[in-house]
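**Q** Below is one structure. I have some questions about it.
The values are calculated or read from the model by the stated rules, or taken from the named source; none is laboratory data. As the structure is a computational prediction, the values presented were derived from the model and not from experiment. As a convention, Cβ positions derive from the backbone with ideal geometry for all residues, glycine included, and neighbour counts pool all protein chains shown.
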Amino acid sequence: MPNKKEKVITRIQELESINLAREEDRDLVVQTKKEVEKDNELLALQINQELRKNNIKSIDVVGAIGAGKTAILEKIVEIIASKYRILVICGDITTRVDADRIQSHNAETIQINTGRECALNAYHIYQIIKNKDLKNYDLIFIENVGNLICPSDFILGTDKRIIIVSITEGEWVIEKHPMLFKMSQIAVINKIDLAKRLGTNVEKMIDDAKKINPNIEVITTSAKTGENITKLIEKLEL
Ligand SMILES: Nc1nc2c(ncn2[C@@H]2O[C@H](COP(=O)(O)OP(=O)(O)OP(=O)(O)O)[C@@H](O)[C@H]2O)c(=O)[nH]1
Ligand SMILES: [Mg+2]
């Protein structure tokens, strides 16, 4: 049987997803959402302390569906696997596809299947952190579920967050999804190898990211040709 809090959360998800929150439910929705986010933040803080105590660098990768998060991680891991003991945690609603892809490049991987949830949260990560001997790792990557909205509700306790979009999502994708750009240190615009063929205005995308977050570092990459992948590794200070 779900407890009271779980029931309320399920109810909120239903209300939010079908957009039927009535005026009288709205306060409860907002209040409970705040509580869930606060609990998540506390757990994220604990995760961060635990990782730092063990000298583990940690990077959370968020981004649009199919933008190339796994492809970029495959490239990065291939280059740095001899230097670091790496754990990659992949979030997807189902399958082990991404974890298997990355594992073939000599990194240990764990796949979390979130079911109906559109983002990983600190609780997911905590379950892994507390069951692993952290002395065995120097670096943890977390590939979040492909989504440009939901992950903004849940920080995961990593040192850095990078956001990846690609030019195939259209040159408006950044201005239409500002939240995660505000919360990230590095923005990657991927699939640059297709820019000429698609005629995408990449400069506009770079400007949009900078307008949303003047402190964000923006880099264009191609996971296909490898363009700027080593530059991204440098930006990540790895
Ligand atoms: N041309 C081109 N294709 C790319 C590039 N990066 C990724 N792809 C292709 O884009 C598709 C999606 O790449 P993934 O790495 O699975 O993307 P993802 O962001 O991990 O996707 P989800 O985890 O499902 O959200 C694959 O077919 C990749 O081969 C790139 O830089 N250029
Ligand atoms: Mg992926």
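**Q** Since LYS38 meets every condition but one in (1) farther than 25 Å from ASP133 by Cβ; (2) within 16 Å of ligand 2 (Cβ to nearest atom), which condition does it not meet?
**A** (2)
**Q** Among the listed residues ALA195, ALA223, which satisfies the condition of being within 15 Å of ligand 1 (Cβ to nearest atom), more than 27 Å from LEU139 (Cβ to Cβ) and among the aliphatic types (A, V, I, L, M)? I'd like the intermediate steps shown before the answer.
**A** Numbers: ALA223 fails: more than 27 Å from LEU139 (Cβ to Cβ).
Of ALA195, ALA223, the one residue that is within 15 Å of ligand 1 (Cβ to nearest atom), more than 27 Å from LEU139 (Cβ to Cβ) and among the aliphatic types (A, V, I, L, M) is ALA195.
**Q** Here are the criteria: (1) within 12 Å of ligand 2 (Cβ to nearest atom); (2) of a type in the set (A, V, I, L, M); (3) assigned to a helix (DSSP H, G or I). Tell me which single one ILE47 does not satisfy.
**A** (1)
**Q** In addition: Hey, could you check segment 166-214 for residues that are outside any helix (DSSP H, G or I) and small (Gly, Ala, Ser) and say which is farthest from PRO151 (Cα to Cα)?
**A** Looking only at segment 166-214, we keep the residues that are outside any helix (DSSP H, G or I), and these are 166, 170-172, 177, 183-191, 199-201, 213-214.
After this cut, where a residue has to be small (Gly, Ala, Ser) as well, the list is 166, 170, 184, 187, 199.
Numbers: SER166: 18, GLY170: 20, SER184: 11, ALA187: 15, GLY199: 30 Å.
By that ranking, first place goes to GLY199.
**Q** So which residues in segment 78-95 are in contact (Cβ under 8 Å) with a residue 40 or more places away in the chain and either more than 8 Å from ligand 1 (Cβ to nearest atom) or crowded, with 22+ Cβ neighbours inside 10 Å (or both), if there are any at all?
**A** Here is the first cut: in segment 78-95, the residues in contact (Cβ under 8 Å) with a residue 40 or more places away in the chain are 79-80, 83-93.
Hits for segment 78-95 are ILE79, ILE80, LYS83, TYR84, ARG85, ILE86, LEU87, VAL88, ILE89, CYS90, GLY91, ILE93.
**Q** On to the next question. In segment 113-148, what residues are of a type in the set (Val, Ile, Thr), modelled with pLDDT of 95 or more and within 13 Å of ligand 1 (Cβ to nearest atom)?
**A** Those that are of a type in the set (Val, Ile, Thr), modelled with pLDDT of 95 or more and within 13 Å of ligand 1 (Cβ to nearest atom): ILE142, VAL145.
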